[in-house]
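The values are calculated or read from the model by the stated rules, or taken from the named source; none is laboratory data. Values in this document were obtained by computation on a predicted structure and should not be read as measured data. We place every Cβ from the backbone using ideal geometry, glycine too, and count neighbours over all the protein chains shown.
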Amino acid sequence: MKCRNCNIKLDNIVNFGKMPLANRFLKKNQFKKEFFFKLRAAFCKKCFLFQLTESPKPQQMFNRNYPFYSHTSNGMIAHFKKFFTFTKKFIGKNSKILEIGCNDGILLKNYKNFKHLGVEPSKNVANIAKKKFNLNVINNFFNLDLIENNKKLKDNYDLIISANVICHIADINNLAKAVSLSLKTGGAFVFEEPYLGDVIQKVSYDQIYDEHIFLFSLNSVKNIFKKFGLDLVDYKKQTTHGGSMRYILQKNATKIPKKVLNALKIERQKGLCSVEKIKKFKLDCQKQKLFFVNNLKKIVKKYGKISAYGATSKSTTILNYCNIDNKYIDCIYDTTPDKINKFSPGKHIPIVNHRKFHFKDHKIVILFAWNHLKEIQKKEIKFIVNGGRFIYHSSKI
Ligand code: DWN
Ligand code: SAH
């Protein structure tokens with residue numbers, strides 16, 4: 001397998017085995033025809049891009065039944081308000097803003113009083129952005145074809161924004177070229193994604209699944225986008241999604257600030273550009289798998305089956321990589337109507353309405369939505385006060 005950015009041979013990092021689609025929650029009659037692919041991560045020693053070697057077709061993942069609705073987290077609603085405030089410095093009254101992957105409008109709604117456009121391929125969530133929040137949204141994939149076939153989109157935007165989307169787009173050069181074409185000279189491209197540094201440090205291998213084709217770093221982002229005249233001019237570390245990075249790029253910047261040059265150097269010193277250091281991640285994943293499975297076995301022996309909280313995309317990687325099924329976990333509580341009363345991908349654990357979570361019934365619960373800990377602790381305060389404990393798949397979280 002060759003690097004999706006620079007086409008040189010990749011170094012294998014870790015193999016998670018046969019994996020279903022992370023967000024393909026099933027009805028019983030769909031079990032037999034379930035789709036699987038090989039989930040394997042690799043690293044490019046030239047451009048430092050951490051990536052999947054195989055990825056399902058985008059239409060298989062992003063369609064009219066995409067079950068992730070961004071508005072389900074109040075913490076993320078507040079976060080995206082702050083994202084908007086951060087980007088105010090790039091726009092004026094008459095600026096035009098484009099969002100790549102606006103989902104149900106959680107970020108784009110903040111730009112409602114500007115000339116704006118969202119591009120979102122998953123029809124169900126795009127419809128919410130359009131109908132509930134009255135936003136301008138094209139129900140399509142953002143790519144070069146879209147820009148080349150729509151003259152109005154070319155050389156048109158002062159600001160392009162995106163959150164947790166760019167890592168979902170397999171043809172990264174096509175994406176970068178499309179962004180560059182639609183941005184005005186001097187315009188800004190601001191996007192944020194789960195950060196490779198956090199995943200390595202926390203051994204949060206659950207950030208790796210079909211939709212997350214890339215885990216970026218400052219160095220890999222710089223290397224991908226500079227070919228298309230998009231220069232990394234700033235960054236801002238984020239705590240969302242277990243540790244993310246906001247990247248700020250400018251079309252044809254005149255100068256790269258010292259702050260960025262220093263941060264690129266620090267990343268190199270930390271080993272984020274070293275294939276030898278990144279290869280250690282495989283061992284860390286295996287250790288955490290062993291830790292989690294042994295811990296779970298002990299708990300189940302003592303208390304019987306336990307429950308989990310948050311039917312996240314991330315949980316699909318944990319459950320399938322660790323081979324944990326209904327023998328250990330009776331159900332996963334969740335707020336999403338499209339997931340409730342269905343079964344988890346691959347391991348077929350029932351998804352139950354979070355309203356049925358009664359604090360007295362549980363002593364220990366696996367928190368799959370660990371990135372929303374604060375928000376969930378608040379909701380389930382009785383569970384915590386009653387001595388309830390959340391556990392995780394990694395001891396480094
Ligand atoms: O990149 C992506 C991110 C932004 O969102 C996508 N590829 C898919 C998705 O990833 P995820 O499923 O891991 O996202 P979250 O936000 O960690 O998990 C959301 C799930 O947790 C939903 O199913 C809802 C559930 N949840 C809950 O049951 N109670 C969430 C919250 C905040 C809650 O209080
Ligand atoms: N931005 C939101 C949604 C992230 S989930 C948030 O941070 O909460 C990933 C989203 O990317 C999905 O809504 C999916 O439909 C969208 N997506 C995937 N590929 C895309 C592409 N090529 N162009 C635009 N959006 C895309």
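For the reader, a short list of remarks on this structure follows.
- For MET76: the one exception among (1) outside any helix (DSSP H, G or I); (2) out of contact with any Leu (no Cβ under 8 Å at 6 or more places or on another chain); (3) aliphatic (A, V, I, L, M): (1)
- Number of positions in the range 174-220 that are part of a helix (DSSP H, G or I) and over 27 Å from SER315 (Cα atoms): 10
- Matching residues in the range 22-46 - criterion: being surrounded by fewer than 21 Cβ atoms within 10 Å (Cβ to Cβ) and of a type outside the set (D, E, K, R): LEU26, ASN29, GLN30, PHE31, PHE35, PHE36, PHE37
- Filtered residue count, the range 175-189, keeping only those that are surrounded by fewer than 21 Cβ atoms within 10 Å (Cβ to Cβ) and touching a helix residue (DSSP H, G or I) at 6+ places or on another chain (Cβ under 8 Å): 2
- Residue tally, condition in contact with a strand residue (DSSP E or B) (Cβ under 6 Å, 6 or more places away or on another chain), surrounded by 22 or more Cβ atoms within 10 Å (Cβ to Cβ) and part of a helix (DSSP H, G or I), over the range 108-135: 4
- Among residues of the range 1-20 that are closer than 24 Å to PHE31 by Cβ and at pLDDT 95 or above, those with a beta-carbon under 9 Å from a residue that is of a type in the set (D, E, K, R) and in a strand (DSSP E or B) at least six positions away or on a different chain give the pairs PHE16/LYS38; PHE16/ARG40; GLY17/LYS38; GLY17/ARG40; LYS18/LYS38; MET19/LYS38.
- Residue list for the range 259-275, filter: surrounded by 15 or more Cβ atoms within 10 Å (Cβ to Cβ) and more than 19 Å from TYR247 (Cα to Cα): SER274, VAL275
- Qualifying residue in the range 359-371 (condition: crowded, with 20+ Cβ neighbours inside 10 Å and β-branched (Val, Ile, Thr)): yes
- Yes/no for LEU52 being within 11 Å of ligand 2 (Cβ to nearest atom) and surrounded by 14 or more Cβ atoms within 10 Å (Cβ to Cβ): no
- Residue within the range 334-354 that is in contact (Cβ under 8 Å) with a residue 60 or more places away in the chain, surrounded by fewer than 20 Cβ atoms within 10 Å (Cβ to Cβ) and of a type in the set (S, T, N, Q) present: yes
- Residue tally, condition under 26 Å from PHE37 (Cα atoms) and surrounded by fewer than 24 Cβ atoms within 10 Å (Cβ to Cβ), over the range 218-248: 2
- Residues of the range 298-316 classified as in contact (Cβ under 8 Å) with a residue 24 or more places away in the chain and away from ligand 2 (no atom under 16 Å from the Cβ), total: 8
Quick grid of which residues meet (1) within 16 Å of ligand 2 (Cβ to nearest atom); (2) modelled with pLDDT of 95 or more; (3) of a type in the set (Lys, Arg):
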| position | (1), (2), (3) |
| --- | --- |
| LYS184 | no, yes, yes |
| PHE191 | yes, yes, no |
| TYR195 | yes, yes, no |
| LEU215 | yes, yes, no |
| LEU218 | no, yes, no |
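- Test: residue in the range 161-173 that is closer than 22 Å to THR254 by Cα, in contact with a strand residue (DSSP E or B) (Cβ under 9 Å, 6 or more places away or on another chain), part of a strand (DSSP E or B) and away from ligand 1 (no atom under 16 Å from the Cβ): no
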